[in-house]
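Following: one structure in structure tokens, then a few remarks.
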Amino acid sequence: MSRLHFTLEREATGSKARAATFQTRHGPVQTPVFMPVGTQATVKSQTVETLKATGASVLLANTYHLLLRPGPEVFQRFGGIHRFMQWDRPVLTDSGGFQIFSLPGERALNEEGARFRSYVDGDLHLLSPESSIAMQQVIGSDIMMALDQCIPSTAPHAEAAVAMELTHRWARRSLAARGDAPAALFGIVQGACHRDLREKSAAFLRQLPFDGLAIGGLAVGETQAQRYEFTGLVTDHLPKNLPRYLMGVGTPIDILEAVHRGVDMFDCIIPSQLAQRGVAFTARGRLQVRRSVHKLSEAPLEAGCPCPTCQTYSRAYLHHLVKADEVLGWHLLGVHNFSFYHRLMRELRESILADRFAALYEAKRHELGGSDDEQVVHPVKKRAPVRSRQLGDYEVVTSPQGFANIRQRSSGEVMHSVSRPSDEAQALYVEQSRLAERLRAQPDDTDELVVWDVGLGAAANAMAALQCGEQTLDREGAAAVRPLRLVSFELDLDPLRLALRFASHFPSLHHGAPHALLESGRWAHASGRLHWQLHHGDFLSFLESAPAPDLIFYDPFSAKTDTGLWTPAVFARIIQHGRPKPAELYTYSAATAVRVALLTAGFFVAEGVGTGPKATTTVAYTRRPGAAAPAGRPRLLGAEWLARWRRSDSKFPPGLADSDKPAFAQRLEAHPQFGG
């Protein structure tokens, strides 16, 4: 039985993220948890008091360094590291394996262990599984690590296999050396970036009586994508009833991705190391305080941050300390960074317990990689060229009401010109189509709900749909939500690329999905219930190859600019492609010509909700709405509209020959919608 009495409290829906608690001799630890690195019985630039104030619950110390200085006799005299450094919470000690790896020219490695010379006094030392455990017991750590052989993650298969087998033999010796001692002991999965070795290592170690298992040998040469791949691979082969520890990782985004893949524990020197270099972590990415743009800024590092640094000091003062190489700057930035890390871990844990991690994960993936430029406050002067607000035929413009839009320069048309883009998308498309209600699965809902987004633009409509899907997942749970497939059509992606350049002006884009769509043409939610795909090119060339829609958000430029997409022939193709499945089309246009085109194609047409100064919009159905239609459904155009059409000067589609107009009018008046 584990010495840690590990309790798995919840696993997130649509993710492998876990929230758990385990007990140590110096108190409980709640996961996910980040452990500040106190290599030499101190976290650089911090005191025990500031560490506690930032939220640290467990520290990491290093056997290799503490063996050399101050040495085992000091810990024996003080009764262990807790009294020595006045820290009364849990401590995990690394075995020294990584330090052996870091000094390849200074050591000799064999089956017995690693012989190396001390950087303190030049004496020769042997670090073996037995001596590593003995030193960790003298240190008095709550969690010890088995000695392992760490090699580059890109090492060849044969070299990685030899190191893994040695790690396994040392694991058995570490367990034997620990004996009945009360401290917990973790084994370490090795195998570099080789799937078969990682699986073999996990399978071997999970059969041994370890109190937890760690993933070693990552963040030492592999790509970020490989790190995520092999983290997920290993956790798939680890037992659920033991804590999982990813060693030496990492950045906030690395931690988020690893939590998503089922990791519980993390350590890294980054929060302190980058603080020394003048870097602060924020919810919108890294902030380089050394930049002269902060010289006169009275703003805190991060608005709303409760840490003592942000509550007390301005960016200007912190900028001064960093530029002057004052230790206080390192300390204050470290206080903020550790506060940020621990606050992030609490937020992740709370979202797992509330089963809303999947939605948080999607939001955080983009936020944590934010640009430093987006956080500039009160710039003193612009030394670099201002980023162009134009791309191709498009530019970012600001409405009189103060919100940003994308305008096509050649036509002068503005996307979502009458209201804030996210507000218009929500009212016109999401709420009017009752998307959230449709996503709540009914017993007969076996197929996915397909939504066409015709005219992706800057993705306001698409993101409103995805956010509705995520909110429904968060509220109902994945099992109760019908799968959603969002299919976007766009000829020119410059509007989205431009909006992402100025993402701070387009809040709906603060999400990882638009970036993934541009990179690969598709995105999937962690739950597997939401999918977004892009057809890049002419809508008419993709129309028949796309999955038949249930809902159509029809938002290309107007018939004046994009005439070819508003004709009866196009709307008839949409109806024909969707048969026999019924579909509903929603569009911002209330133009008579557009409604006539829909009617003569075979749609049943109704007045939609107004947005901004527009009194009405348009809703069209491939089938006549039944008597059992939900209350509040848009009212079909009737005799009053038909009378207005008869008086209209633009009642016929452009280009229709005079000889064809009588037959066209007869066909319209005979539409079943008008009782014909």
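The table for this structure:
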quantity	calculated
Placed amide H near residue 484: partners under 5 Å, 5+ positions off or other chain	449, 530, 531
Amide H within-cut-off set for residue 581, under 5 Å, with H built and near neighbours excluded	none
Packing-based ranking, highest mean first, of 503-514, 356-367, 154-165, 5-16 given that Cβ atoms within 10 Å are counted	356-367, 503-514, 5-16, 154-165
Theoretical gain in end-to-end length, residue 316 to residue 159 [0.36 nm per residue, Cα-Cα removed]	51.4 nm
Stretch gain in nm, segment residue 649-residue 126, where the contour uses 0.36 nm per residue and the Cα spacing is subtracted	178.7 nm
Set 44/200; 52/240; 16/581; 560/661; 560/581; 364/581 screened for pairs whose C-alpha atoms are more than 27 Å apart	44/200; 52/240; 16/581; 560/581; 364/581
Dmax and Rg, reported as Rg then Dmax, of the chain (C-alpha, Å)	31.0, 107
Antiparallel bridges, percent of DSSP beta bridges restricted to the stretch 7-268 (to nearest 5)	40
DSSP-defined beta bridges in the chain - what % are antiparallel, rounded to 5	50
Virtual spin-label span in nm between residue 111 and residue 558, 7 Å along Cα→Cβ	8.5
Extension reserve of the residue 299-residue 665 stretch, reckoned as 0.36 nm per residue once the Cα distance is removed	125.2 nm
Electrostatic dipole magnitude of the chain [Cβ: Lys, Arg +1; Asp, Glu -1; Cα centre; debye, to 20]	880
Environment charge of residue 209, counting only residues whose C-beta is closer than 15 Å and scoring Lys/Arg +1, Asp/Glu -1	+3
Highest-first arrangement of 642-655, 546-559, where packing means the average Cβ count within 10 Å	546-559, 642-655
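Rule-based calculations on the coordinates, nothing more; no lab input. Bear in mind the structure is a predicted one, so any value in this text is a computation, not a measurement. When we count neighbours, we look across all protein chains shown, and the Cβ atoms used for this are built from the backbone with ideal geometry, even at glycine.
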